[in-house]
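Heads up: the structure comes next, in structure tokens.
The values are calculated or read from the model by the stated rules, or taken from the named source; none is laboratory data. All figures in this text were calculated on a predicted structure; none of them were measured in a lab. No Cβ is skipped: glycine too gets one built from the backbone with ideal geometry, and neighbour counts run over all protein chains shown.
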Amino acid sequence: MSGISVRMRCGALAVAVALAGCGGGVKFRPVSDVPVRVGKPYTVRGVTYVPAADPTYDYLGYASWYGHESGNQTANGERFVPRAVTAAHTTLPLPSYVEVTSLDTGRTILVRVNDRGPFAGQGRIIDLSRGAAEQLGIRATGHAPVRVRVVEPPEKDKRKLREGQEAPSRPAVDARTLVDLRAQLAAGGGAAM
């Protein structure tokens, strides 16, 4: 075999491997807020989840984060981007927008929900992307007590999140409210207000 044909075969193999890694036939949905998908009930690990629109959703629980699934398809068909400020929720419509408040610091951020989860861990109500965990300040701890509530943010903030950027931070929650929210979580979590 000549050096040229070996290089050509290696080059063709490299191209084939690269193309296989570029989606492997998966068609990703463009990042968009329409259509909003509620979805059918589904079961994971013996637990059935029933997606539903809930504009009054306001719960206390725990957030964790994920970020090793770069390039995977999210539940609404988009490509998962770990640095973006996104999240997974078991039942909210996809996409939805939520404010997530750290009950440790009072820091509040806006997050775009475009995936399903979390499916493990007692009391976990949201899985944040690495970018959201960094903005909220919980990446180092891995998980944190939080308040999650559905919001309808301004279009300019939605656009930033769709583009993979952070929306401006929300006002921090005052110390007295944080004490009350932590007490509610300790008493059993669930609905915040």
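Could you tell me whether Pro168 is surrounded by fewer than 17 Cβ atoms within 10 Å (Cβ to Cβ) and closer than 13 Å to Glu99 by Cα? So that I can check it myself, show each step before the final result.
Numbers: surrounded by fewer than 17 Cβ atoms within 10 Å (Cβ to Cβ): yes; closer than 13 Å to Glu99 by Cα: yes.
When the stated conditions are applied, Pro168 passes them.
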Close pairs from the stretch 34-51: first within 11 Å of Arg116 (Cβ to Cβ), partner among the aromatic types (Phe, Trp, Tyr) and in a loop (DSSP other than H, G, I, E, B), Cβ under 8 Å, at least 6 apart: Val44/Phe119
Among (1) more than 24 Å from Tyr49 (Cα to Cα); (2) touching a Ser or Thr at 6+ places or on another chain (Cβ under 9 Å); (3) surrounded by fewer than 21 Cβ atoms within 10 Å (Cβ to Cβ), the one test that Lys158 misses: (2)
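For Pro95, are the conditions met, namely being surrounded by 21 or more Cβ atoms within 10 Å (Cβ to Cβ) and more than 18 Å from Leu161 (Cβ to Cβ)?
Answer is no for this residue.
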Odd one out for Leu185, checked against (1) modelled with pLDDT of 95 or more; (2) more than 23 Å from Pro95 (Cβ to Cβ); (3) loosely packed, with under 15 Cβ neighbours inside 10 Å: (3)
Test: residue in the stretch 84-105 that is within 10 Å of the chain's Cα centre (by Cα), modelled with pLDDT under 95 and among the hydroxyl-bearing types (Ser, Thr, Tyr): no
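Would you mind stating whether Pro145 is over 26 Å from Ala183 (Cβ atoms), of a type outside the set (Lys, Arg) and modelled with pLDDT of 95 or more?
On the way: over 26 Å from Ala183 (Cβ atoms): no; of a type outside the set (Lys, Arg): yes; modelled with pLDDT of 95 or more: yes.
So Pro145 fails the test.
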Residue match in the stretch 67-76 (condition: of a type in the set (Val, Ile, Thr), modelled with pLDDT under 95 and under 21 Å from Tyr49 (Cα atoms)): yes
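Kindly provide the set of residues from the stretch 46-74 that are in a loop (DSSP other than H, G, I, E, B) and of a type in the set (Phe, Trp, Tyr), ordered by number. Lay out the reasoning, then the answer.
We begin by selecting, within the stretch 46-74, every residue in a loop (DSSP other than H, G, I, E, B); these are 46, 50-57, 67-72, 74.
The one that is in a loop (DSSP other than H, G, I, E, B) and of a type in the set (Phe, Trp, Tyr): Tyr57.
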